[in-house]
Amino acid sequence: MAYVIASPRLGTVGDTYEPADGVNIEALIEGGFIKSTSKSTKSDKPSKDTNEE
Amino acid sequence: MATSTYLSNPVVTINAVDMSDQCTSAVFTRMIESLESTAFGQTNRSYVGGLENSTLTVTMYNSFAATETYATLKALVGTQVTVKVKPTSAATSATNPESTLTASYMESLPIVNGQLGALDTIDITFTGGAYSVAIA
């Protein structure tokens, strides 16, 4: 799972974030400090309904 | 004369988030519990070291804005957190050591500490965890 920094409190915004041991990733995501880049893989799913009807 | 003056630039990180600009106080105390080892025949009490139980207590301005105090702490209550304190923002060195508590427990989070005509400030204490210090 890859993450991108979303707050200057954690580093340079836009940089890839590599969590150190012991860091609570869920808390960082919930607080808006990082974003998961895994969303792009979801959008790659083919949508079955398109043009079927 | 040996003195340490803290003007404006100690660094406090909580769960890797730099919260220095919200902190007004940080007290990092190393503590190793004492176990009494006094035995018959002794005329004074004696102790040996037991488990380490160090603490970090920080006083912070409370803010509910995005990526501020509340956003940083709300998901950490009741969990183990890594916290770090450094005397100044300069590079870590023997004269600017970075103290760390790894897997320190955050028991409580005051949500509001409101008083008329005063800024909302909260005290957060992190207890236990493994102590380490970096000098480079």
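At-a-glance table
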{"read-out": "Linear extension gain, residue B:61 paired with residue B:112, 0.36 nm per residue minus alpha-carbon span", "value": "17.3 nm"}
{"read-out": "Neighbour-count order for B:35, B:101, fewest beta carbons within 10 angstrom listed first", "value": "B:35, B:101"}
{"read-out": "Estimated inter-spin distance, residue A:20 and residue B:30, nm [label 7 Å along Cα→Cβ]", "value": "1.8"}
{"read-out": "Ranking of B:31, B:106 by count of other Cβ atoms within 10 Å, fewest first", "value": "B:31, B:106"}
{"read-out": "Rounded to the nearest 20 debye, dipole of segment B:1-112 from Cβ charges on Lys, Arg, Asp, Glu", "value": "100"}
{"read-out": "Shielding by partners, peptide A:21-34 (average Cβ within 10 angstrom, other chains)", "value": "6"}
{"read-out": "Alpha-carbon radius of gyration plus Dmax, which is the widest Cα pair, for segment B:1-103 in Å", "value": "18.1, 63"}
{"read-out": "Amide H contacts of residue B:63 (H built 1.01 Å from N, under 5 Å, at least 5 apart or other chain)", "value": "B:69, B:70"}
{"read-out": "Exercise: per-residue mean of other protein chain Cβ atoms within 10 Å, B:10-18", "value": "5"}
{"read-out": "Sequence ranges B:79-87, B:42-50, ranked by mean other-Cβ count within 10 angstrom, highest first", "value": "B:79-87, B:42-50"}
{"read-out": "Average other protein chain Cβ within 10 Å of Cβ, residues B:58-68", "value": "2"}
{"read-out": "FRET efficiency, residue B:46 to residue B:132 (Cβ-Cβ, R0 22 Å, nearest 0.05)", "value": "0.15"}
{"read-out": "Over the protein assembly as shown: Rg over Rh, Cα atoms, Kirkwood Rh", "value": "1.13"}
{"read-out": "Exposure proxy order (Cβ contacts within 10 Å, fewest to most) of B:19, A:1", "value": "A:1, B:19"}
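Rule-based calculations on the coordinates, nothing more; no lab input. As the structure is a computational prediction, the values presented were derived from the model and not from experiment. In this analysis, Cβ positions are derived from the backbone assuming ideal geometry, glycine residues included, and neighbour counts consider all displayed protein chains.
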